[in-house]
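Take a look at the structure set out below.
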Amino acid sequence: MSRITGPKCKLCRREGAKLFLKGARCETQKCAYVRKNYAPGLHGKNLMKKLTEYGKQLREKQKAKRIFGIQEKQFRIYARKAIKQPGIAGDNLMTILETRADNILYRSGLAESRNQARQLLNHGLLKINDRRVTIPSIKLKVGDKMEVKETSKKAKVFADVAKQKYMPPRWLKVNPGALAMEMATMPEKDDFEKNINTQAIIEFYSK
């Protein structure tokens, strides 16, 4: 499966917004989007392009894909599934994205970024409902529990998790000391990733 392996900060600059792809670094002055608040490329500073309606929809779709680290084929499946489900299609899409295992691991504060969360899951360092998992796209349901394997709790990547001051979203119950969390309720609209125009994404895939 193809995956973007170049500089992640260029993706933020291209979308004209912080996507928080590099964890804590994005909160500092080292963030490339802070230092170079314009599109990448030779003519990035002078790029003055008025987007069409289709262009705006495309950019919203690309931004959401990059925030959640999902490839086009999988994202299209999610969007079409959201459209078919009852209710507001945009909210359905965000619920699907938010309840992925890698996103929940990131939201719980046990991973610095979604990219790191995917790596931890791919390497089999976590268990869901006492079963080892290696698939970041697994969907969690209310009552599902995720925890770091006992043999992996001393890994360097988890060393400072218990010490950090982080307030997880209200739909997650997190125990930083035990490196464990539980999905207490389904995420609601106020809990979704901000600054994503889901209506534009649904319109893009509804054509």
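Odds and ends about this structure:
- Given (1) within 20 Å of the chain's Cα centre (by Cα); (2) in the same structural domain as GLU72 (by TED's automatic domain parsing); (3) not in a loop (DSSP other than H, G, I, E, B), number of the condition GLU203 does not satisfy: (1)
- MET48 meets the conditions (1) at pLDDT 65 or above; (2) aliphatic (A, V, I, L, M); (3) exposed (fewer than 12 other Cβ atoms within 10 Å of the Cβ) in every case but one. The failed one is (1).
- One residue alone among ALA117, ALA111 is surrounded by 13 or more Cβ atoms within 10 Å (Cβ to Cβ) and part of a helix (DSSP H, G or I), and that residue is ALA117.
- Any chance ILE83 is more than 23 Å from ALA180 (Cβ to Cβ) and assigned to a loop (DSSP other than H, G, I, E, B): no
- Test result for TYR78, modelled with pLDDT of 95 or more and touching a helix residue (DSSP H, G or I) at 6+ places or on another chain (Cβ under 7 Å): yes
Rundown of residues vs (1) surrounded by 13 or more Cβ atoms within 10 Å (Cβ to Cβ); (2) among the acidic types (Asp, Glu), yes/no style:
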site: LYS153; (1), (2): yes, no
site: LYS156; (1), (2): no, no
site: PRO169; (1), (2): yes, no
site: LEU179; (1), (2): yes, no
site: GLU182; (1), (2): yes, yes
site: ASP190; (1), (2): no, yes
site: THR198; (1), (2): yes, no
site: ILE202; (1), (2): yes, no
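- Test: residue in the stretch 91-101 that is under 24 Å from ALA64 (Cα atoms), crowded, with 16+ Cβ neighbours inside 10 Å and small (Gly, Ala, Ser): yes
The values are calculated or read from the model by the stated rules, or taken from the named source; none is laboratory data. The model shown is predicted, which means the values in this text are computed figures rather than measured ones. As a convention, Cβ positions derive from the backbone with ideal geometry for all residues, glycine included, and neighbour counts pool all protein chains shown.
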